[in-house]
1. Once you list every other residue whose beta carbon is under 14 Å from the beta carbon of Ala11, what net charge do they have if Lys and Arg are +1 and Asp and Glu are -1?
2. Which of the trypsin sites (Lys or Arg not before Pro) found in the range 169-238 are in a DSSP loop and have at most 11 neighbouring Cβ atoms, other than their own, within 10 Å?
3. How large is ³J(HN,Hα) for each residue in the range 130-135, as worked out from phi by the Karplus curve 6.51 cos²θ - 1.76 cosθ + 1.60 (θ = phi - 60°), to whole Hz, x for Gly and Pro?
4. Using the structure shown, list the pairs from Lys3/Lys173; Lys87/Lys178; Lys3/Lys186; Lys3/Lys178; Lys3/Lys174 with a Cα-Cα distance above 27 Å, or answer none.
5. At most 14 other Cβ atoms within 10 Å and a DSSP loop assignment: could you name the chymotrypsin sites (Phe, Trp or Tyr not before Pro) in the range 42-82 that fit?
6. To the nearest Å, what is the center-to-center distance of the range 81-113 and the range 184-242, using C-alpha atoms only?
7. Could you work out the percent of alpha carbon pairs in the range 1-101 separated by over 17 Å, rounded to a whole number?
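Just so you know, all these numbers are worked out from the coordinates, no wet-lab data involved. Just so we're clear, the structure is a prediction, and the values are computed from it rather than from any experiment. So basically every Cβ, Gly included, is an ideal-geometry build from the backbone, and we count neighbours across all protein chains shown.
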Amino acid sequence: MSKRNVALFGATIVSVIYGITFTIAKDVMPEYIDAYGFILLRVSGAMLLFWLSWLFMPKEKIALHDFPRIIAAAFFGVAFNMLTFFKGLSLTSPISASVIMVTTPMIVLILSAIILKERMRKRMVAGIILGLTGTAFLILYGRSIGSATNASIGNMLVLINAISYGFYLIIVKKLMDKYNAFTFVKWIYLFGFLMVLPFGWGQFEAANWALVPTLIYWKIGFVVVISTFITYLLNLLTMKELKPTTVAVFIYLQPVFATVFAIGLGKDELNLVKILSAILIFVGVYLVTSSPQRVKKEK
């Protein structure tokens, strides 16, 4: 099996794990611990795992001028990204959150066009308008979703998280080209931990851990070890072989797995708002992401 095929398989596994995580994380918060407290648990646990793993890995020295990029990656890929996502997920439904996350490939290309000064084509603009329309539809009419406490705000926060993750994918790519993943990801999580600590400590202390069922502890462990540590490693390793836009495209699979898992456990249900929004977003993302390939073939 080629390195590219291994990377594609790894990206698929990440999508499966994330699809499951939407429902598992929703079971934990806000009933047993609020979103920011859960994030503190997630980031601190993953940080310890990454630093322990680094002890057994080849050692590299990071250039001093690369630390601002690492700090930026920590902000967009850990702190701001996770705080907005978990807070949003605690307010909305698993399927709605996973559908909005599909906008990430579109966001990556928009940010790449702005940062790299690439020309926006009509096909891309049409896709962006369709995708944003679908997202706006889900946000505005999210209140019709019965399993969400404040779906409109929750969906907006998940969209902000998708934008943050788009920045992260672009920022971290240059680090991947220069260093081994274990060399810098431990620093990303250390800085990320320091950033989320002021937000999560109060909620972490407020949780009544004596009343938390054993199953919920297992679900917290799944999010820390599998959904964070394993998936970040897989994402970083796949980005060695794949472009940021290709990695982002695998987010298409997340709503499929999230929907199957959430409906199978009776945690969520499909309705017209979700279906129509998903169609608009998927068509929009297809138009945006297929445009560069088409242009390349025409040359």
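1. Details: positive: Lys3, Arg4, Lys240, Lys243; negative: Glu241.
Once all neighbours under 14 Å are counted, the net charge is +3.
2. Passing sites in the range 169-238 do not exist.
3. 4, x, 5, 5, x, 5
4. On the way: Lys3/Lys173 17 Å; Lys87/Lys178 33 Å; Lys3/Lys186 24 Å; Lys3/Lys178 18 Å; Lys3/Lys174 19 Å.
Correct reply: Lys87/Lys178.
5. Working: sites: Phe50, Trp51, Trp54, Phe56, Phe75, Phe76, Phe80; in loops: Phe56.
Those satisfying the criteria are Phe56.
6. 18 Å
7. On the way: 3356 of 5050 pairs.
Taking all Cα-Cα pairs of the range 1-101, the fraction more than 17 Å apart is 66 percent.
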